[in-house]
Amino acid sequence: METNNQDQFFPSSPIHPYDILEDELKARDIQKKDFAPLLGMKPSNFSRMLKARGNLSSETAMKLEEILGIPYSFWMKLQEAYLRDCIRLSGTKNISYEKDKSSKDIYEKLNSILKPIKEGAEQINLYMHNQRLNSNDSLSLEEVNSIEAYIHRLGKTLCKVKL
């Protein structure tokens with residue numbers, strides 16, 4: 001079955017997994033300050049995490065599965081959908097709002113937007129090639145966290161893209 005682009009629906013803003021988590025806590029009548037220790041966090045750090053809208057880590061998704069009974073895969077799919085929607089929405093920003101801009105202005109704007117994205121992707125690529133990812137060795141937690149941090153920065157940059 002084929003669909004054309006006109007039949008596809010996109011949210012007006014990406015839905016972050018932490019939005020869903022907050023809704024779930026509210027539905028279960030669980031206070032954030034009571035939930036934070038279950039995740040091994042201070043309430044203030046938990047609140048900061050929810051407000052910052054950073055990437056949902058695999059570790060946090062596993063803890064949420066354990067605590068709430070909502071599968072790890074659900075949380076990770078939410079994170080993936082959030083990043084995908086950020087990318088889609090950044091790509092669907094209407095240039096028609098700025099029709100009076102010259103193609104040179106738009107080209108310069110795109111270059112300034114794409115430069116940090118390209119640099120972030122190159123950093124991830126370099127890191128991965130320098131860190132035994134082509135062998136059967138397992139990665140340390142520090143190595144996984146470094147790769148995750150690069151991906152997180154890249155995702156944040158993509159979410160901020162506007163023409």
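Along the Cα→Cβ direction, 7 angstrom out, place labels at L126 and I30. What is the inter-label distance in nm?
4.1 nm
Could you line up D23, D29 from fewest to most neighbouring Cβ atoms inside 10 Å?
Ascending Cβ contact count within 10 Å gives the list D29, D23.
FYI, it's all coordinate maths here, none of it is from the lab. Every value quoted in this text rests on a predicted model; they were computed, and no experiment measured them. When we count neighbours, we look across all protein chains shown, and the Cβ atoms used for this are built from the backbone with ideal geometry, even at glycine.
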